[in-house]
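Please read the structure below before turning to the comments.
The values are calculated or read from the model by the stated rules, or taken from the named source; none is laboratory data. Just so it is clear, the model here is predicted, and its values are computed rather than measured. Neighbour counts run over all protein chains shown; Cβ positions are idealised from the backbone, glycine included. Side chains included, ligands, DNA and RNA excluded: accessible areas come from the protein's heavy atoms. Shrake-Rupley method; radii C 1.70, N 1.55, O 1.52, S 1.80 Å.
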Amino acid sequence: MPELTSPRPARPAPGTADGEWIALHVFYAASPRPMLVDCVRPLVDRLTEEGLLAGHFFINYWLEGPHVRLRLRPASAAAAPEVRRRAEEALGAFLRTRPALYEVDSGFLKDFYNALFDIEFPGEDRGRYMGEDGRMNLRPNNSFSYEAYAPEYAKYGGPAGVELAEWHFRHSSELVMDAFRTMNLHLRTVLLGTSAQLMMVMASCFLPEKDRLAAYLDGYYEFWHRAFPGTGFIGSQEYERNYAEMAPSLGRRFAEIHAAVSGGEPGRLPVFLRGWAAHCLELRARVADLATRGELAFPAWEGPAREDTGQERADQGNAVPLETLTHVPAVLPRLLSPYMHMTNNRLHVTIRDEAYLSFVLGQVLREQPMSGTGAAGADGPGGTGGSGGIEAHA
């Protein structure tokens, strides 16, 4: 059995100021599903019910080994010590009873993560994560540590945009944890079907116009294709082959979802998607309101979709200059991309699969009639069916 490592406070534990976020990185080289369902969700539910927690969310990440980044926001400075104690107790108990048995250092994933490391950290900020052999360091498996929480102001539009993202991330995190508990997301077909339909709903809520939505999805796929040049990581020809198999059934599903959302009738969607659509429409309205009031600012460039982009430079006094954007049609797709990506991240959908789904959805939207004839189903997310083999039944 792998050795359990006690929490290592790489920096002083945060959470000492009112409302300050606590960031815990839990290194776990296995599916995060049981940790999220059996440990994290009960933890945040209890803390919230007792008035100790004002916010929470999680993401999956790979730097220094696969891990879950759990963020907890105490309701007050006085609540912070108890939040930390409860989190340490819950995570420690889980890692002792359900340790990850796979060691990244001994398998093919080490080479995969090093390839990501070379792509995403080509410059001066790679030294702190790199060993003497020039490869990425690996943290001890089945361990957790406190880390600094570095909000991505450049990606989400400044302080007001980050606050909105944190509100959205809580909803997205709870949606995914509930889906892990109630749906067969360990099956690849179900996982991709669920991801595809959540992408359909969110994208349709933000960009209901068919032509604009199709162009956005094409651009989203191209972004990922450019982000991994020369690796073969993001496909093209095989995407086109698979598209032909699944297009008819996926087109019908997209038509039904798009018609319900763009027609202002999200109540026609099944319960699982209905709640997501209501949240995404509210999120869109909040984005538009912040933009109209001039509270969102972004850099002139659009960086890679990885966490902490630009934040270390900002911490060192070399902050990236931000430009206020008030044009809502320009802001919506800019924020849609990281919002959609982070939901897929929480589902543990790979970037390769996310790029594939955006390619297929863009093709479907351009080539299939988008006048749905009925609701997407009455009692579940339903399936995209077809020999392409993605569905979303529980």
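Of 136, 130, all but one fail to be over 30 Å from residue 332 (Cβ atoms) and touching an Asp or Glu at 6+ places or on another chain (Cβ under 8 Å); the exception is 136.
Just one of 295, 302, 282 is part of a loop (DSSP other than H, G, I, E, B), open to solvent by 60 Å² or more (accessible area, probe 1.4 Å) and at pLDDT 95 or above; which is it? Among 295, 302, 282, only 295 is part of a loop (DSSP other than H, G, I, E, B), open to solvent by 60 Å² or more (accessible area, probe 1.4 Å) and at pLDDT 95 or above. Here the stretch 200-212 is the region considered, the condition is being surrounded by 23 or more Cβ atoms within 10 Å (Cβ to Cβ) and of a type outside the set (Phe, Trp, Tyr), and the residue that is nearest to residue 286 (Cα to Cα) is 205. Counting only residues that are over 26 Å from residue 152 (Cα atoms) and within 23 Å of the chain's Cα centre (by Cα), the stretch 68-90 holds 0 of them.
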